[in-house]
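Below is one structure, written out as C-alpha cells; comments come after it.
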There are 2 protein chains.
Amino acid sequence: MFAIISEEGMARRGELTLPHGKVQTPVFQPCGTYGTVKAITPDRLVACGTQMLLGNTFHLSLRPGDEVIRQLGGLHKFMNWDGPILTDSGGFQIFSLGDLRKISETSVVFKSPINGDQVTLSPESSMRIQQNLGSDVVMVLDECTSHPVTKPEAARSMELSIRWAARSKAAFASGLANSVNPGASLFGIVQGGMHDDLRLQSLEGLVEIGFDGYAIGGLSVGETKEEMLSVMHNLLPAMPKFAPRYLMGVGTPGDLVRGVSMGVDMFDCVMPTRNARNGYVFCRDGILKIRNAKHRLSDLPLDESCSCYTCQNYSRAYLHHLDRCKEMLGAMLLTEHNLHFYHRLMSELREAIEHGTFGALATELLKSWEEDYEFN
Amino acid sequence: MFAIISEEGMARRGELTLPHGKVQTPVFQPCGTYGTVKAITPDRLVACGTQMLLGNTFHLSLRPGDEVIRQLGGLHKFMNWDGPILTDSGGFQIFSLGDLRKISETSVVFKSPINGDQVTLSPESSMRIQQNLGSDVVMVLDECTSHPVTKPEAARSMELSIRWAARSKAAFASGLANSVNPGASLFGIVQGGMHDDLRLQSLEGLVEIGFDGYAIGGLSVGETKEEMLSVMHNLLPAMPKFAPRYLMGVGTPGDLVRGVSMGVDMFDCVMPTRNARNGYVFCRDGILKIRNAKHRLSDLPLDESCSCYTCQNYSRAYLHHLDRCKEMLGAMLLTEHNLHFYHRLMSELREAIEHGTFGALATELLKSWEEDYEFN
C-alpha cells in the first residue's frame, strides 16, 4: 500500500506499507548484495537512518543459494534485518555478464561466475527465488539491453520484457502460498532504452498487466546525464500517480534530488558504500578524499554539519591513518558516514516537500554541487 | 595503584586504578596495534567486555607517528577510547625484525619496514614515544632474545635489559611533566630466557630499581608449553605480591587459566582477534572453524552458551556464508564473539576467585580443553 502524504510540484512525500514495516518516501535503499550491506551491522544501519535494503537475487541465488536461505527462515532472519527488503530480479547482473549469457524467449542461460555451472533464470525461477528469500518487494525479470543499442533492438528487448513481466506476475501470484513473506508486493520495470516512445509503450504494457509499483530500469548504463534526465523527464509524468516509482541503480546526490523533483519515490545505489571502501567521502560541500595527505594532521570531523557516529567521534587525521594502514575500521566508519549522508539528504527532501520548501532546497543543493561532477 | 580484593591459592582478584579508570583483574587486553582493535568499534569493545587495550609503540611511532598523535591530543582521543591503554615499548617488534636491526649499549637501530628509513629506539626515545601517546601503563624498553639462545647470551641480554630498565625509569620520570597522561604507571619487564636463575636475577634487578608493576617478557617465543609453564612456576612466587603482574603476549584460553592460577593479573594477545579474521572461533567446547562445510545449513549460534551480539543474532550458516564471500561483516562479527569469549572467561575467573571456587573451575576448564591443543 502506498499513500501520498503531501506534494510539491511533481515531488511527492509518501508512505509505503510493506510486510516488514512502513517506509517514508522518497527513500534511499543501501545495497545488501550478499545478505550484508558491506562493512556495517544492521543496528548501525538503523542508527544511520536506513529504512529499507536491497538484496541481490543473482548473488544470493548463487551463494548461499535461495533454498538455503528459505530453509533458514528467509533473508530477514538470515541477515538479522527486520525492516523491509526489496530484491532485484537478477536481470541486471546477468545481462552485465555479456557473452557469458544467452537469451531466448523462455529464459536466460548463463555460466555461474562462482563455479562455472550452467544456470537458467526465467521469470518463473526469478519469482521463486525472490519468494524463497522472503522479499517485501519483488521485481519482475526484465531484459536490460546494453547502451547504445539500435531502436529496433531496444523495441524487441522491451517487448520481451513485457511478456516476461506478464509471466512474472502469473508466477508470483501462483507462488504466494509458498512464499516466506506472503504479503509481498510485485513491481514492474519500464524499459525501452533512450527512446521516449518505447518507454511509454513499455509503461502502457506494464500498467495493463497491473503492478503494485513501477520501476525505471536501464538507466545509469553508460548514457550521458542529459540522456538519463531526458528519459526521466518524459516518462515520469506518465507513470501512475498512486503507485510507488522506483529509479533503479541511481545514483549521485544530485541524481536523487533531480529524481525526487520529477516524482521518484525510491532509489538504490552502491555509491555511498563502495565509495566509502575506496576512501571517497560524501560531504555537504563535495567529495572528500580521505587518502589525501592534507588530512594527515586535521582534527576536523569529515563534515562539521554531520551528526553521524563517525563525525561525532573521529578526526580526519584518524580516518586518514586507518586508510593508510588499510584497517577495516576505516571502511566501517566511512560506510556509516556515507550512508548517513544519503539518508539525511532524503530526510531533508521529505521534510521540505511537507513544508513546501522542496523547490528552494533542490535549487540550492544542485547549485552548490554543480562544480562537483561526482555529485551530479 | 593496585589493590588485591581476594585471593585463592596463588590466584588474585584485584583492582588496578589508572588515569583512565579502574580495571578489574585478572584482565585480558585486546591488541589495538595501529590505534584500532581490528574490525571492531570502541563501543562494541565495551559491549563485549573490554576494560583496557594494548597499543603498539613500534607500529604507532611509524604510522601515523607519535608526534602526530600527541598533536591530536593523545592516543585515547585519536582512537576514541576512553578506557585505560597500556603500550608496549617497541622492543618485541624490533627484535622480531631479525637482521634488519642492530643493538648496542645505547640503543637499537633498525630499518623501518614501512619506508626503509633508519630509525633508532632507545630507552629514552621509547619513554618519549609512549608519553606522547598518552599511555596509562608505559613499558620499559627491553631486549627480547630469540629462542633458543645460550645461557651466556641470555645473561648478557638480561643484564642489558636491566640497565635499559634503569634508563627507562629515569627518562620516564623526567618526561612526566610533558606527558599527555601525567598519572601514568611504569612497568618493568623480567627477561632471562628459559633459565630460572637468570629470571630471578632479572626480577631482583628490576625490584631494586622499583616499578609500579612487573611484566614477564620473552615467553611465547617458540619454547614448548612445558618450558613456558616451568619459567612461570619458578618466577611468579618470587614476584612482588602487591604490584600487578603482566604476562606479555600470552595466550590461549588454557594459558590464561594457568596464568591466573599462578598469580598473573594481566594478559594481552592477538589470538582472539587474528583468529576471528581467519574464521577460527573460540567456543566453550573448543575451536569452531566457520569455513567448514558442515556449518552451511546450521541455524545454531556459534556457541549456545554465549550472550554476545553475534551469538544472539546470527546463525553459523550466515557466518559461514559471510566467510565464503569474504565479507567484512564476517570478520567484524567473529572478532566481537572471540573477544567476548576471552572477556567472559576472565570475568568467570574473577568471580570464582571471589567465591573461593577458582580451583575447581580451573580444573574443570583445563580438563574440558585438554583434547584441544589450540586451547592449551
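Taken together, the values in this text are just the output of simple stated rules run on the coordinates, not laboratory data. Source: prediction; values computed, not measured. Heads up, the Cβs are rebuilt from the backbone with ideal geometry, glycines too, and the neighbour counts pull from every protein chain shown.
Return the whole-Å distance between the Cα centroid of the stretch A:139-209 and the Cα centroid of the stretch A:337-370. Measuring centre to centre over Cα atoms gives 31 Å. Mean residue ellipticity at 222 nm, helices only, chain A: -12500 deg cm²/dmol; runs of at least 4 DSSP H residues each add -39,500 (n - 2.57), and the sum is divided by the number of residues. Helix A:358-369 and the long axis of chain A differ in direction by around 70°, with both axes built from C-alpha atoms.
Please give the Cα centre distance for the stretch B:275-328 versus the stretch B:1-69, rounded to the nearest Å. Measuring centre to centre over Cα atoms gives 26 Å.
Short to long, the 10 Å bins of the Cα pair-distance histogram for the stretch A:249-310 hold 19, 43, 29, 8, 1 percent of all pairs.
Among B:D136, B:D285, sorting on how many other beta-carbon atoms sit within 10 Å of each Cβ, with the fewest leading, yields B:D285, B:D136. Enter the angle in degrees (range 0 to 90, nearest 10) between the Cα long axis of helix A:328-355 and the first principal axis of the Cα atoms of chain A, meaning the one along which they spread out most. Approximately 80 degrees, to the nearest ten. With 10 Å bins beginning at zero, the pair-distance distribution over Cα atoms of the stretch A:254-355 amounts to 15, 47, 26, 11, 1 %. Here chain B is treated as an ellipsoid with the same Cα gyration tensor; its semi-axes, largest first and in whole Å, are 32, 24, 20. For B:K151, the lysines whose Cα comes closer than 24 Å to its Cα, not counting residues fewer than 8 places off in the same chain, are B:K102, B:K225.
The mean number of Cβ atoms from other chains found within 10 Å of a Cβ in peptide A:37-48 is 3, as a whole number. Exposure proxy for A:K102, B:K367: other Cβ atoms within 10 Å of each Cβ, ordered fewest to most, give B:K367, A:K102. Computed from the alpha carbon positions, the gyration tensor of the stretch B:1-70 leads to an equivalent ellipsoid with semi-axes of 28, 15, 11 Å, biggest first.
Residue by residue along B:319-326, Cβ atoms of other protein chains within 10 Å of the local Cβ number 4 on average.
Most fluctuating residue of B:N278, B:N234, B:N178 in a GNM of chain B with Cα springs under 10 Å: which is it? Of B:N278, B:N234, B:N178, the most mobile in the Gaussian network model is B:N178. Close amide H contacts of B:C269 (hydrogens built in the peptide plane, cut-off under 5 Å, sequence separation of 5 or more or a different chain): B:Q29, B:C31. When you work out D = kT/(6 pi eta Rh) for the stretch A:194-233 at 20 °C and 1.002 mPa s, using the Kirkwood radius from C-alpha pairs as Rh and the Stokes-Einstein form, the result is 194 µm²/s.
Considering only DSSP states other than H, G, I, E and B, which GluC sites (Glu not before Pro) in the stretch B:302-337 qualify as loop sites with at most 12 other Cβ atoms within 10 Å? Sparse-neighbourhood loop GluC sites (Glu not before Pro): B:E304. Each principal axis of the stretch A:306-376 carries a Cα extent, and these read 46, 25, 15 Å when sorted largest first.
Averaged over peptide B:327-333, the number of partner chain Cβ atoms lying within 10 Å of each residue's Cβ comes to 6. Where both bridge residues fall in the protein assembly as shown, DSSP classifies roughly 50% of the beta bridges as antiparallel. Just so you know, the averaged projected area of the alpha carbon convex hull for the stretch B:26-149 sits at 8.6 nm². Under the combined filter of DSSP loop state and at most 16 neighbouring Cβ atoms within 10 Å, the stretch B:208-295 retains these chymotrypsin sites (Phe, Trp or Tyr not before Pro): B:F242.
A:R167 sits among other residues whose Cβ lies under 15 Å from its own Cβ, and their net charge, with Lys and Arg +1 and Asp and Glu -1, is -3. Largest mean-square fluctuation among B:P42, B:P113, B:P240, in a Gaussian network model of chain B whose springs join Cα atoms under 10 Å apart, belongs to B:P113.
Here, the stretch A:79-185 yields an orientationally averaged convex hull projection of 7.6 nm² when only Cα atoms define the hull. Global size of the stretch A:196-265: 11.6, 33 Å for Rg and Dmax (C-alpha atoms, Rg to one decimal, Dmax whole). Out of all Cα-Cα pairs in the stretch B:203-315, roughly what percent, to the nearest whole number, are more than 26 Å apart? Summing the P(r) tail past 26 Å for the stretch B:203-315 gives 37 percent.
All other residues whose Cβ lies under 13 angstrom from that of A:N115 are scored, Lys and Arg at +1 and Asp and Glu at -1, for a net of +2.
Using the Cβ of B:G217 as centre and a radius below 14 Å, the other residues enclosed give a net charge of -3, where K and R count +1 and D and E count -1. Along the stretch A:321-326 the Karplus relation, 6.51 cos²θ - 1.76 cosθ + 1.60 evaluated at θ = phi - 60°, assigns HN-Hα couplings of 4, 4, 4, 5, 8, 6 Hz to successive residues, with x for each Gly and Pro.
Here A:K326 is the anchor, and the aspartates and glutamates within straight C-alpha reach of less than 18 Å, apart from those fewer than 8 places off in the same chain, are A:E336, B:E327. When Rg and the Kirkwood radius Rh are both evaluated on Cα atoms of the stretch A:161-243, their ratio Rg/Rh stands at 1.03.
3J(HN,Hα) along the stretch A:51-63: 9, 8, 10, 10, x, 9, 4, 4, 5, 5, 6, 8, 9 Hz, from the Karplus curve 6.51 cos²θ - 1.76 cosθ + 1.60 with θ = phi - 60°, whole Hz, x for Gly and Pro. Rg/Rh for the protein assembly as shown (Cα atoms only, Rh after Kirkwood) is 1.05. Among the chymotrypsin sites (Phe, Trp or Tyr not before Pro) found in the stretch A:304-376, not one is both in a DSSP coil and sparsely packed, with 14 or fewer other Cβ atoms within 10 Å of its Cβ.
Using only Cα atoms and rounding to the nearest 10 degrees, what angle (0 to 90) does helix B:225-235 make with the longest principal axis of chain B? Orientation of helix B:225-235: about 50 degrees from the principal axis. GNM remark for chain A: springs join alpha carbons under 10 Å apart, and the peak mean-square fluctuation among A:M158, A:M346, A:M79 falls on A:M79.
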